[in-house]
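Student: Take a look at this one; I'll ask things after.
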Amino acid sequence: MPELPEVEAARRAVEEHCVGKKIRRAMVADDPKVVDGVAPNLWFRLDSPPFPSFQFGMTGAIHIKGVQVTKYKRSVVSAEDEWPSKYSKVFLELDDGLELSFTDKRRFARVRLLQNPESSPPISELGPDAFLEPMKLNEFIESLSSKKVSIKALLLDQSYIAGIGNWIADEVLYQARIHPLQMAASLTRDKCEELLKCIKEVLEKAVEVGADSSRFPSDWVFHSRDKKPGEAFVDGKKIEFISAAGRTTAYVPELQKLDHAKSGDASSTVSRKSRSTTRAARKSVRVDPDEGEELVSEGEEGGESDSGERGPTRKKAQRAIKASKKAPTEKRTKSVGPTDDVGDQERKEVKGAAKEETVVIVKGRRSRRKLQ
């Protein structure tokens, strides 16, 4: 999905071509799944609120007619396609004739109007911007020392560092030669320093080339992420794929060694079957794939254990549940995963009465800075 470099490329394009101009016309798709009340990812600050905000999801993208914003591979609009695209969710025409569109084919993106994006969760709850507000070395080392979770999960935790997604996390860990399941608190000072340096270098390069992956360095593991297991290599070394922090993770075993005594991601060693074990008999820990946050997750009744044996009968499970409720030390937490579907539905575009507003500030993807 689009990560910091892709959204930063969109922000820069809007800043360069739209700031100071008036919105003359607006068209918004009649798609309540996308145009809904959700958290922002990038927003435009106008003369007055509310401000349109955009969460890119998997295939969301900003397009400006006649301007190449990014070569993000999942972007669905090209110069040869119809304009505005049938996948357009928001279309704006500015007073000088410039046209801008926010598109999303798979409908995971979200668009909403916010009175004050900076004070609205989760923006107000984000950690420092990984690109614009990098941590100092000593601060980084100290913060890692108390994190008893896998380093991959921590990097994906947006409340810790904002802007690092799945492929960026894999890339910086590969460049730093750190196993994705290594417990964050177990990293040496040298490894912490190397990791911080790699975060800076990977983000700077990706932003520098406008998120054009064809211009990423040839020694990046990124180029082999979509290949099949057994066919993926980087610099002649085999890439393997595991689940870490609930996400498909690419790493190079020959270079990224794991200290098993200090690994920090229980979710990658817990099978899918074990997550559906009996509610009263077993628990498993998983890592939320979106927030990188560890949650206590309870299995379903009558599931299978790690050994593959069938769990207790429903009647026995109910007795066990009653008994567990009486135990004062038992913590029972229920977690619910995402339920979004990707099915298409018919949509129509409706014209909105756009008031004369001047785009004066473009807000960045995950930062809190203002661009004058």
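The values are calculated or read from the model by the stated rules, or taken from the named source; none is laboratory data. As the structure is a computational prediction, the values presented were derived from the model and not from experiment. So basically every Cβ, Gly included, is an ideal-geometry build from the backbone, and we count neighbours across all protein chains shown. Please note that ligands, DNA and RNA were not included when accessible areas were found on the heavy atoms of the full protein model with its side chains. Shrake-Rupley method; radii C 1.70, N 1.55, O 1.52, S 1.80 Å.
Student: Modelled with pLDDT under 95 and open to solvent by 20 Å² or more (accessible area, probe 1.4 Å): is that true of Lys89 in this structure?
Tutor: Details: modelled with pLDDT under 95: yes; open to solvent by 20 Å² or more (accessible area, probe 1.4 Å): no.
No: the conditions fail for Lys89.
Student: Residues being open to solvent by 30 Å² or more (accessible area, probe 1.4 Å) and closer than 17 Å to Ala176 by Cα: count how many of those fall in segment 137-152. Please lay out each step first, then the result.
Tutor: Filtering segment 137-152 down to residues open to solvent by 30 Å² or more (accessible area, probe 1.4 Å) leaves 137-139, 141-142, 145-148.
Retained after the next criterion (residues that are closer than 17 Å to Ala176 by Cα): 137, 141.
Residues that pass the stated criteria total 2.
Student: So if I check each of Gln115, Gln68, which one is loosely packed, with under 15 Cβ neighbours inside 10 Å, assigned by the TED database to the domain that holds Arg11 and over 28 Å from Ser214 (Cα atoms)?
Tutor: Gln115
Student: Still on this structure, please answer the following. Modelled with pLDDT of 55 or more, at positive phi and not in a strand (DSSP E or B): which single residue out of Gly302, Gly292, Gly230 fits that description? Walk me through it before giving the result.
Tutor: Numbers: Gly302 fails: modelled with pLDDT of 55 or more; Gly292 fails: modelled with pLDDT of 55 or more.
When all the criteria are applied, what remains is Gly230.
Student: Output the qualifying pairs, or none if there are none: Cβ atoms under 7 angstrom, residues six or more apart or on different chains, first residue in segment 12-29 and at pLDDT below 90 and part of a strand (DSSP E or B), second residue among the polar types (S, T, N, Q) and surrounded by 15 or more Cβ atoms within 10 Å (Cβ to Cβ).
Tutor: Ala29/Ser88
Student: Ala9: closer than 30 Å to Arg225 by Cα and either at pLDDT 85 or above or not assigned by the TED database to the domain that holds Leu155 (or both), yes or no?
Tutor: On the way: closer than 30 Å to Arg225 by Cα: yes; either at pLDDT 85 or above or not assigned by the TED database to the domain that holds Leu155 (or both): yes.
Criteria met by Ala9.
Student: May I pose another question? Of everything in segment 218-246, what is free of Cβ contacts under 8 Å to residues at least 24 places away in the same chain, within 15 Å of Val172 (Cα to Cα) and in contact with an Asp or Glu (Cβ under 8 Å, 6 or more places away or on another chain)? Give them in sequence order. Reasoning before the result, please.
Tutor: If we filter segment 218-246 for residues that are free of Cβ contacts under 8 Å to residues at least 24 places away in the same chain, which is where we start, we get 218-219, 223, 226-233, 235-241.
Next, only the ones that are within 15 Å of Val172 (Cα to Cα) stay: 218-219, 223, 239.
Residue satisfying the conditions is Asp219 alone.
Student: Something else: For Ile199, are the conditions met, namely being touching a helix residue (DSSP H, G or I) at 6+ places or on another chain (Cβ under 8 Å), buried (at least 19 other Cβ atoms within 10 Å of the Cβ) and farther than 27 Å from Ala9 by Cα? Spell out how you get there, then give the answer.
Tutor: Values: touching a helix residue (DSSP H, G or I) at 6+ places or on another chain (Cβ under 8 Å): yes; buried (at least 19 other Cβ atoms within 10 Å of the Cβ): yes; farther than 27 Å from Ala9 by Cα: no.
It is false that Ile199 is touching a helix residue (DSSP H, G or I) at 6+ places or on another chain (Cβ under 8 Å), buried (at least 19 other Cβ atoms within 10 Å of the Cβ) and farther than 27 Å from Ala9 by Cα.
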